[in-house]
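Asks: Here it is: the structure, laid out below.
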Amino acid sequence: MPRAQLDHIIVTAASLEEGVEHVHRELGVAPQAGGEHLRMGTHNCLLKLGEKVYLEVIAANPGAPRPDRPRWFQLDEPDSVRSPRLAAWVARCDDIRAAAAASPVPLGKIEPMSRGNFEWLITVPEDGRLPLHGLAPALIQWISEAHPADTLTDLGCTLIRVEGFHPQAGKVASVLKWIGFEGEFLASRGEAPSLLAHIRTPAGPRRLR
C-alpha cells in the first residue's frame, strides 16, 4: 500500500502580492520569495511550517508566457482567485504512481515539474480543476534531494493541523485511506467545501482559511 503525508498547503490569489499580504495579515509573518514554474506560467512565495512542511502562495505570473493549457490550482478561473484563500493542499508520496492509481477519485495526470534546482512529479488535472474542490490533495514525489522547506528561513511558524469541510466528507476520507495518508487532516461534513489550517505563530495560534 502506498504511503503519503502532508507536504504543503496552498494559498491561491489573483496576484502574488495579494496572496502574500493575505498571509501576512492572517499570520503576522510574510512568506519569502520562491521562484517560477515555467511550464505553468506561475510563480510563488513560501513560508516554512515545520520539517519538510511549508505554505505556498501561488499566482499566475504576469511576466511569463501564458501556457497552452489551463494553469494548475484553478488559477485561470476569476471566481476561484477573486479573493486570496487556502485553496488546496499537497501530499508527499513515496510512490506517486501507486498512490494515484489507488485513489478512488481521479487526481490528475502525473507530470514532471521544476523550479530552479527543485524537481518533482505531481498530479495535475488536465482541466486545471481542484479534485473534490481542493479537499483531495495533489500528490507529489520529490526527485531532487533537497526539499523546499530545507532552504527556508524559520520564522517561528508550525502547522498544527488542517481541517477540510465537504458535503461528501466520506469521499474525502476514502481518498486519504487509499493513498495511505498519515497525518493531521480532519475531514468533516460541511455545506460548502473549504479548508482551514491551524498554525502556531510567534504571536500565538492563528487560523488560515
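Asks: Out of segment 163-180, which residues are open to solvent by 40 Å² or more (accessible area, probe 1.4 Å) and part of a strand (DSSP E or B)? So that I can check it myself, show each step before the final result.
Replies: Filtering segment 163-180 for residues open to solvent by 40 Å² or more (accessible area, probe 1.4 Å) gives 165, 167-168, 170-171, 173, 177-178.
The one that is open to solvent by 40 Å² or more (accessible area, probe 1.4 Å) and part of a strand (DSSP E or B): Phe165.
Asks: Please tell me if Glu26 is open to solvent by less than 50 Å² (accessible area, probe 1.4 Å), within 23 Å of Leu159 (Cβ to Cβ) and of a type in the set (Asp, Glu).
Replies: no
Asks: Please pick out the residue among Ile140, Ile160 that is surrounded by 17 or more Cβ atoms within 10 Å (Cβ to Cβ) and in a strand (DSSP E or B).
Replies: Ile140
Asks: Mind listing whichever residues of segment 20-49 are in a strand (DSSP E or B) and more than 15 Å from the chain's Cα centre (by Cα)? Please lay out each step first, then the result.
Replies: The initial filter retains those residues of segment 20-49 that are in a strand (DSSP E or B), namely 32-37, 42-49.
Residues satisfying the conditions are Gln32, Ala33, Gly35, Glu36.
Asks: Criterion first (outside any loop (DSSP other than H, G, I, E, B), more than 20 Å from Leu55 (Cβ to Cβ) and of a type outside the set (Phe, Trp, Tyr)) does Ala91 satisfy it?
Replies: Taking the combined requirement at face value, the residue does not satisfy it.
Asks: May I ask you to list the residues in segment 143-157 that are surrounded by fewer than 20 Cβ atoms within 10 Å (Cβ to Cβ) and within 30 Å of Gly204 (Cβ to Cβ)?
Replies: His147, Ala149, Asp150, Thr151, Leu152, Thr153, Asp154, Leu155, Gly156 - these are the residues of segment 143-157 that are surrounded by fewer than 20 Cβ atoms within 10 Å (Cβ to Cβ) and within 30 Å of Gly204 (Cβ to Cβ).
Asks: So which residues in segment 71-127 are among the β-branched types (Val, Ile, Thr) and either open to solvent by 60 Å² or more (accessible area, probe 1.4 Å) or more than 13 Å from the chain's Cα centre (by Cα) (or both), if there are any at all?
Replies: Listed by number, the residues that qualify are Val81, Ile96, Val105, Ile110.
Asks: Would a scan of segment 58-68 turn up a residue that is outside any helix (DSSP H, G or I), of a type in the set (Asp, Glu) and surrounded by 14 or more Cβ atoms within 10 Å (Cβ to Cβ)?
Replies: Within segment 58-68 (the criterion being outside any helix (DSSP H, G or I), of a type in the set (Asp, Glu) and surrounded by 14 or more Cβ atoms within 10 Å (Cβ to Cβ)), the answer is no, since none of the residues qualifies.
Asks: Scanning for something out of contact with any Leu (no Cβ under 7 Å at 6 or more places or on another chain), β-branched (Val, Ile, Thr) and part of a helix (DSSP H, G or I), does segment 110-131 turn up at least one residue?
Replies: no
Asks: If the requirement is being touching a Phe, Trp or Tyr at 6+ places or on another chain (Cβ under 6 Å) and under 21 Å from Thr201 (Cβ atoms), which of these qualifies: Leu46, Leu55?
Replies: From the options Leu46, Leu55, the qualifying one is Leu46.
Asks: With the structure loaded, tell me whether Ala33 is touching a Leu at 6+ places or on another chain (Cβ under 7 Å) and either touching a residue at least 12 places away in the same chain (Cβ under 8 Å) or not hydrophobic (A, V, I, L, M, F, W, C) (or both) or whether it fails that test.
Replies: Working: touching a Leu at 6+ places or on another chain (Cβ under 7 Å): no; either touching a residue at least 12 places away in the same chain (Cβ under 8 Å) or not hydrophobic (A, V, I, L, M, F, W, C) (or both): yes.
When the stated conditions are applied, Ala33 does not pass them.
The values are calculated or read from the model by the stated rules, or taken from the named source; none is laboratory data. No experiment lies behind these values; they were computed from the predicted model shown. As a convention, Cβ positions derive from the backbone with ideal geometry for all residues, glycine included, and neighbour counts pool all protein chains shown. Surface areas here come from the heavy atoms of the whole protein model, side chains and all, with no ligands, DNA or RNA. Shrake-Rupley method; radii C 1.70, N 1.55, O 1.52, S 1.80 Å.
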